[in-house]
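Let me begin by presenting the structure, written as structure tokens, before commenting on it.
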Amino acid sequence: MNGHISNTPPGGYGSYFPQMNGYGSPTFAQAEREQNSRTSAKALYEQRKNYARDSASSISETSQYHVEHLTTFVLDRKEAMITVDDGIRKLKLLDAKGKVWTQDMILQVDDKAVSLVDLESKNELENFPLSTIQHCQAVMNACNYNSILALVCKEPTQNKPDLHLFQCDEIKVSFIHEDIESAISDSKSGKQKKRLETLRMISKADSAIPPPPQAPAPVPPGTITQVDVRSRVAAWSAWAAEQGEFEKHRQYHDHEETAEMIAARIDRDVQILNHILDDIEYFVTKLQKAAEAFAELSKRKKTKKSKKKGPGEGVLTLRAKPPPPDEFVDCFQKFKHGFNLLAKLKFHIQNPSAAELVHFLFTPLRLVVQTTGGPELAGTVLSPLLTKDTIDFLQYTVTSEEGQLWMSLGDTWTKARADWPKDHFIPPYVPRFRNGWEPPLLNFMGAPKEQELNHLAESVANVAEQQRKQEMKRLSTE
């Protein structure tokens with residue numbers, strides 16, 4: 001946030017030490033310098049005063065806060081939506097159904113308006129002049145969203161006011177509330193006084209030194225060199241080449257696993273599958289919300305007469321933007337990993353069965369493929385490859401329509417590892433889940449081996465990601 005006050009004016013304060021002549025009395029030239037010094041001191045005082053006034057002016061200009069827009073309701077008596085409490089109640093219902101879609105943005109406050117700014121493009125989405133803000137309220141711990149800023153705004157062209165709800169995580173919602181209230185108060189009184197004090201208080205609280213961390217500082221990563229990358233890739237490729245022998249060895253020793261061990265493996269795979277299904281559902285909801293916002297935006301543009309942006313259109317425009325390509329790639333990877341898990345679990349899960357879940361997954365898969373304009377992007381997603389067992393399972397399970405979609409995605413979805421050249425590097429796949437969840441380690445023989453391989457896969461994936469980012473940075477620079 002801008003508006004921090006500096007304690008040092010642009011020029012140095014300076015000091016005056018009178019130079020005495022040999023007899024201990026000031027000379028005429030020195031007396032003149034003393035007079036000039038008094039004049040300079042007065043000028044310096046005026047300079048300080050002006051600087052303080054300018055600093056006070058600069059601190060009141062603009063403050064910015066990172067917030068998440070939750071939703072906007074129209075306050076309508078017919079909809080039993082009159083107060084902020086009514087809005088919070090409806091927000092809880094939407095959240096329980098998974099229908100709240102948050103959107104990151106900047107909430108900006110100055111002496112004229114509260115505005116919403118796109119986090120990436122920095123374009124202004126909405127502008128609420130202070131005179132149109134009827135009510136501002138901080139709502140704490142009312143639901144899963146525990147730090148909500150509520151703004152009730154009504155422009156002269158609107159019949160009914162809008163209730164905008166924002167989640168505020170990075171700074172206390174009470175600070176934002178006080179900032180807006182003080183801006184409204186100063187706007188009504190015509191004096192820049194109350195907000196200046198509020199911003200000083202926020203600035204002081206925001207710049208307070210945080211407590212020391214409980215955990216020790218992390219060890220800095222080692223330098224990633226090309227030699228290191230090659231050795232890691234070689235190690236992973238060697239492990240992949242040995243997988244045939246390893247699988248045979250493991251099948252030979254399967255009878256040595258106890259029922260408890262088998263149950264632990266199955267439970268772990270089921271947990272991973274559930275998190276994959278959650279992330280896919282979340283992403284598809286994101287696409288649906290973007291489509292709804294786009295449809296609403298198109299509808300408004302057809303009905304309105306002027307080209308001027310109406311209330312709420314800025315947020316709708318932001319919500320109508322599709323997710324970036326890397327999020328589509330992540331979703332496609334989770335579809336493939338999900339199919340592999342279903343093939344592993346086909347004899348172990350019921351209600352729904354693995355086959356039923358395959359049909360369930362093809363519906364959102366078709367939607368995501370259509371959203372990207374066809375199978376081209378999905379066809380570029382190499383890792384993870386489907387296993388031979390997964391391909392056999394899908395061929396036996398899918399309908400003719402699902403089979404057409406599957407085949408249209410190309411070799412990266414229809415060929416197992418054995419069908420690719422041995423020297424073709426297949427990047428390891430380490431799933432990352434939206435909520436930060438990580439699969440539990442299996443606490444019996446074989447777990448150290450599994451953990452070692454997971455760490456190896458993760459390090460290779462991280463190196464590949466670093467290289468990709470460096471290449472993108474180089475290309476953008478060029």
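The values are calculated or read from the model by the stated rules, or taken from the named source; none is laboratory data. A quick note: this is a predicted structure, and the numbers were derived from the prediction, not measured. Note that each Cβ is placed from the backbone with ideal geometry, even for glycine, and that neighbours are counted across all protein chains shown. Note: accessible area is taken over every heavy atom of the protein model, side chains too, but ligands, DNA and RNA are not part of it. Shrake-Rupley method; radii C 1.70, N 1.55, O 1.52, S 1.80 Å.
Please pick out the residue among VAL109, VAL100, VAL139 that is within 21 Å of LEU316 (Cα to Cα) and part of a strand (DSSP E or B). Steps first, please.
On the way: VAL100 fails: part of a strand (DSSP E or B); VAL139 fails: within 21 Å of LEU316 (Cα to Cα).
Step by step, each of VAL109, VAL100, VAL139 is checked, and only VAL109 is within 21 Å of LEU316 (Cα to Cα) and part of a strand (DSSP E or B).
When each of GLN404, GLN395 is tested for being at negative phi, open to solvent by 60 Å² or more (accessible area, probe 1.4 Å), out of contact with any helix residue (DSSP H, G or I) (no Cβ under 9 Å at 6 or more places or on another chain) and assigned by the TED database to the domain that holds PHE332, the lone residue that passes is GLN404.
Of all residues in the range 118-131, exactly one satisfies the criterion of being buried (at least 19 other Cβ atoms within 10 Å of the Cβ) and either farther than 16 Å from THR62 by Cβ or within 19 Å of the chain's Cα centre (by Cα) (or both), namely LEU125. Just one of the numbered conditions (1) open to solvent by less than 70 Å² (accessible area, probe 1.4 Å); (2) modelled with pLDDT under 80 is not true of ALA290: (2).
Within the range 42-86, the set of residues being more than 22 Å from GLU178 (Cα to Cα) and either outside any helix (DSSP H, G or I) or modelled with pLDDT of 90 or more (or both) comprises PHE73, VAL74, LEU75, ASP76, ALA80, MET81, ILE82, ASP86. Part of a strand (DSSP E or B), at pLDDT 90 or above and surrounded by 15 or more Cβ atoms within 10 Å (Cβ to Cβ): is that true of PHE175 in this structure? So PHE175 does not fit the description; no.
Filtering the range 412-430 to residues that are outside any loop (DSSP other than H, G, I, E, B) and either in contact (Cβ under 8 Å) with a residue 12 or more places away in the chain or touching a Leu at 6+ places or on another chain (Cβ under 6 Å) (or both) leaves THR412, TRP413, THR414, ARG417, ALA418. Scanning the range 331-350 for residues that are in contact (Cβ under 8 Å) with a residue 40 or more places away in the chain and of a type in the set (A, V, I, L, M, F, W, C) returns CYS331, PHE332, PHE335, PHE339, LEU341, LEU342, ALA343, LEU345, ILE349. Scanning the range 142-168 for residues that are over 28 Å from the mean Cα position of the chain (by Cα) and either in a strand (DSSP E or B) or buried (at least 17 other Cβ atoms within 10 Å of the Cβ) (or both) yields LYS154, PRO161.
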